[in-house]
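Worksheet for the structure shown next.
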Amino acid sequence: MNQPARTPHHLHAVPDLLPRRLPLDAEDADAFRAALHHYFLSTFDHYESLFKTLACDDAWYEPPIPLRHPLIFYYGHTATFFINKLLLARLVHERVDPHLESILAVGVDEMSWDDLDDKHYDWPGIGQVQAYRDQVRRIVTDIIDHAPLTLPVRWDHPWWAIVMGVEHERIHLETSSVLIRQHRLDYVKATPPWKSSRDTGEAPANSLVDVPAGSVTLGRSKDEPLYGWDNEFGHHEADVAAFQASRLLVSNGEYLAFVEAGGYTEHAYWEEEGLQWLKYSQVTQPEFWVRQSNQWQLRLMTELVPMRWNWPVEVNAHEARAFCRWKAAQTGQPVRLPTEDEWQRMLAVSGYRYGDAANLYLAHGASSTPVDKFEHEPFCDIVGNVWQWTETPTYPFDGFDVHPYYDDFTTPTFDGRHAIIKGGSWISTGNEAEPDSRYAFRRHFFQHAGFRYVVASAKPVPPSQYETDKLLSEYAEFHYGATYFGVPNFPRALVELALAELGDTPRHRAMDLGCASGRATFELARHFDEVVGMDFSARFIRQGVVLASGEKLRYVVTDEGELTEPREVGLADLGLADTAGKVAFFQGDACNLKPQFTGYDFILAANLVDRLYEPAKFLKSIHERLKVGGLMLVATPCTWLVEHTPRERWVGGFKKDGRPVRTLDGLTQALAPHFERVGAVHEVPFVIRETRRKHQHTLSQATFWRRVR
């Protein structure tokens, strides 16, 4: 029998409504502290109140769907996010609970490099996670109330990390509510803050609205006084041809005609990717529709109710696209989902202005409402109620830049498989509710998302799939491209050195720690049974994942000025095709690895040590990951920089008592309790191409260490 959920020991009062915006242009420090204090605590309290809808302990530990972690993960994840980001901003200097902060760190678990194999985890108790959240609450409020503060807070300000943590928790408030909605009904219960709307009726007839041709100019400036995620910044301009758009979101009643017409069994309505999902899932109706006693019911977050025919249908992008194809067949018109630019044109011609009535911010209950309730003439629900799928794969604006505190917020979605959603839903708050926000999901995923359709002759042009980020392109060329000035490929050269030193020792499992784009991971897989590539940055990991999936890695290299040259490469081009099945890529922190990454015969740490925020901790704990007798190769150019490692944590490159302490001295001291150095010290050259006529030439000092105890 399921045990009743053990409610956390304290109950914080939950405000009626979440603060809508946090202006960052305050001139008075005390006023800004007070506003941020309220913004943080109201968000933290709302998030905790959401989890009080779980009815039993099993609800915390049984994943609602196979593609997600159990909810205990998400309850702790947003708190660990604060600590991880505050460490990067150097607003805190020590971890609160390294174990929890390793197993609860990575939340983008729809990505192929995240670890969804729960057998590795001994999930923490509810009380343990609550105690951790209480500690984080105290730490963050203390920083807000007492830490030194200069105004204004902008993109490059340390306090940006605090606002980032709050906005991140607001995202998970929404995504966790979806998981609760997908959970077993007997695992959830209604609670006062999470009551659904009872406003329902017959489905209204939809109609088309003419949207005249016009232009859109998108992209935010880093000087703006509101928080934004990286993909909102930069610049984008486009001319948009005239089109027609549905006045209303597609309601459950309008969608019913597609279901009854056999839309889920007629494969002609489904594109290839959607058809693959359809065959895998075997669904015949929307996720939240339930057929009982020949009557349609609607699953809400914590209850099953008679179908709300005039509420928006909630489907994934594949279902929305199939409906549009069916609608096109019925009408003879070119019906499809709108593009992001077309949605912005609809917003521009609508009567909506920020602050107008809309189903946002939990202001109208914990559910959708009728599709004709909130008029934004000539449309209804141009924002709010449910997110709206678009045809646009997420892509960067010109001038896109990742934030150093969260370099993998958006970049993993630049894969052509994630579609942008616009407008926000009933639970969207803060940045999510801003018209400038640009969130994206895999097309097979469910959110509180529906759609409206457009009639437009122009077909959307997908953005280029070439990697254009300068750093990533340089590393792609460094790992997989040409060699320059006769200097051998660096990752391959390190692996060849390692093979000579390994001799006839076991070659079962290897780890490429700080793998970057992953070339050494594949090279090691020529000789080991299995190899893990691990890096802090999902931006780099994605390149290895693309190659391991059998696809080509496409990128551009700089020629001169604005001129670039395209490149593409696959594993077969490098003679590495047969290694793909032996590699796995994961995102991880070398200073705080998850517990399951252990038992390796060989570890490669290439150009890693002098980029860590706490290198001594890494060096003193890495033996836990290596078998006794196992070998580790440490390669480092010894380029210590305070932007990566606080000066007091360098392990070399300074004077002590008037004598130079070199990196090799620091390595020897830190590794001595568990390792002995073996073999020669090698100086391994490498060249990184910046432009056709500019290259970096560097020597990396490579040393081998055998674990002896």
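The values are calculated or read from the model by the stated rules, or taken from the named source; none is laboratory data. Model, not experiment: these values are computed from the prediction. Don't worry about glycine lacking a Cβ; one is built from the backbone with ideal geometry, like all the others, and counts go over all protein chains shown.
Each row is one residue, and each column tells you yes or no for (1) assigned to a helix (DSSP H, G or I); (2) under 19 Å from Arg138 (Cα atoms); (3) at pLDDT 95 or above.
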position	(1), (2), (3)
Leu18	no, no, no
Ala26	no, no, no
Ala34	yes, yes, yes
His46	yes, yes, yes
Leu67	no, no, no
Thr78	yes, yes, yes
Leu91	no, yes, yes
Lys119	yes, no, no
Q. Can you find a residue in region 575-589 that is of a type in the set (Ser, Thr, Tyr) and within 16 Å of Glu477 (Cα to Cα)?
A. no
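Table: residues versus (1) touching a Ser or Thr at 6+ places or on another chain (Cβ under 7 Å); (2) of a type outside the set (Lys, Arg).
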residue	(1), (2)
His508	no, yes
Gly533	yes, yes
Ala548	no, yes
Arg554	no, no
Of Val240, Val259, the only residue that is surrounded by 16 or more Cβ atoms within 10 Å (Cβ to Cβ), free of Cβ contacts under 8 Å to residues at least 40 places away in the same chain and not polar (S, T, N, Q) is Val259
By my count, strands (runs of 3 or more DSSP E) wholly in region 498-566 with at least 3 residues that are more than 24 Å from Phe409 (Cβ to Cβ) are 509-513, 553-560
Going through region 225-276 in order, the residues found to be within 30 Å of Thr410 (Cα to Cα), in a strand (DSSP E or B), of a type outside the set (D, E, K, R) and over 28 Å from the mean Cα position of the chain (by Cα) are Val240, Phe243, Ala245, Ser246
The condition of being modelled with pLDDT of 95 or more and either at positive phi or surrounded by 14 or more Cβ atoms within 10 Å (Cβ to Cβ) (or both) holds, among Trp155, Trp123, only for Trp155
Residue set Leu218, Leu151; condition closer than 18 Å to Ala35 by Cα and touching an Asp or Glu at 6+ places or on another chain (Cβ under 9 Å); output residue Leu151
Residues of region 48-65 being assigned to a loop (DSSP other than H, G, I, E, B) and small (Gly, Ala, Ser), in sequence order, are Ala55
When region 575-631 is checked residue by residue, the ones that are of a type outside the set (Val, Ile, Thr), assigned to a strand (DSSP E or B) and under 22 Å from Asp408 (Cα atoms) are Ala584, Phe585, Phe586, Gln587, Ala605, Ala606
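Quick grid of which residues meet (1) assigned to a loop (DSSP other than H, G, I, E, B); (2) within 15 Å of Gly424 (Cα to Cα); (3) touching a Leu at 6+ places or on another chain (Cβ under 6 Å); (4) small (Gly, Ala, Ser):
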position: Trp326; (1), (2), (3), (4): no, no, no, no
position: Pro338; (1), (2), (3), (4): yes, no, no, no
position: Glu342; (1), (2), (3), (4): no, no, no, no
position: Gly351; (1), (2), (3), (4): yes, no, no, yes
Log entry, pairs with first residue in region 619-642 being at positive phi, second being small (Gly, Ala, Ser), beta carbons closer than 7 Å, six or more apart or on different chains, reads Cys638/Gly652; Cys638/Gly653
Of those in region 206-224 that are within 24 Å of the chain's Cα centre (by Cα) and not aliphatic (A, V, I, L, M), the residue surrounded by the most Cβ atoms within 10 Å (Cβ to Cβ) is Arg220
Tyr280 vs (1) touching a Phe, Trp or Tyr at 6+ places or on another chain (Cβ under 6 Å); (2) outside any loop (DSSP other than H, G, I, E, B): all pass except (1)
Checking Gln285, Gln333, Gln344 in turn, the sole residue that is more than 17 Å from Arg247 (Cβ to Cβ) and either over 25 Å from the mean Cα position of the chain (by Cα) or at pLDDT below 95 (or both) turns out to be Gln285
Within region 125-149, restricting to residues that are more than 16 Å from Val166 (Cβ to Cβ) and β-branched (Val, Ile, Thr), the one that is nearest to the chain's Cα centre (by Cα) is Val129
Taking region 670-709 and keeping residues outside any strand (DSSP E or B) and either surrounded by 15 or more Cβ atoms within 10 Å (Cβ to Cβ) or touching a helix residue (DSSP H, G or I) at 6+ places or on another chain (Cβ under 9 Å) (or both) leaves Ala670, Leu671, Pro673, His674, Arg709
Residue hits (region 376-402; closer than 18 Å to Glu434 by Cα and without any contact (Cβ under 8 Å) to a residue 60 or more places away in the chain) are His376, Ile382, Val383, Gly384, Thr390
Log entry, pairs with first residue in region 350-361 being under 16 Å from Leu249 (Cα atoms), second being aliphatic (A, V, I, L, M), beta carbons closer than 7 Å, six or more apart or on different chains, reads Ser350/Ile382; Tyr352/Ile382; Tyr352/Val383; Ala358/Val383; Leu360/Val383; Leu360/Ala433
Of (1) over 15 Å from Arg95 (Cβ atoms); (2) out of contact with any strand residue (DSSP E or B) (no Cβ under 7 Å at 6 or more places or on another chain), Leu612 fails just (1)
Scanning region 469-494 for residues that are under 21 Å from the mean Cα position of the chain (by Cα) and surrounded by 18 or more Cβ atoms within 10 Å (Cβ to Cβ), the one modelled with the highest pLDDT turns out to be Ser473
Listed by first then second residue, the pairs whose first member lies in region 658-680 and is under 17 Å from Glu501 (Cβ atoms), whose partner is surrounded by 13 or more Cβ atoms within 10 Å (Cβ to Cβ) and among the acidic types (Asp, Glu), with beta carbons under 9 Å and at least 6 positions apart or on separate chains, are Val678/Glu501; Gly679/Glu501
Exactly one of Thr639, Thr598 is under 27 Å from Arg507 (Cα atoms), surrounded by fewer than 16 Cβ atoms within 10 Å (Cβ to Cβ) and not acidic (Asp, Glu), and that one is Thr598
Residue in region 184-195 that is surrounded by 14 or more Cβ atoms within 10 Å (Cβ to Cβ), of a type in the set (Lys, Arg) and in contact with a Lys or Arg (Cβ under 9 Å, 6 or more places away or on another chain) present: yes
Ile427 fails exactly one of (1) in the same structural domain as Asn385 (by TED's automatic domain parsing); (2) under 30 Å from Asp601 (Cα atoms); (3) among the β-branched types (Val, Ile, Thr), namely (2)
For region 30-79 the number of residues that are closer than 20 Å to Asp186 by Cα and β-branched (Val, Ile, Thr) is 3
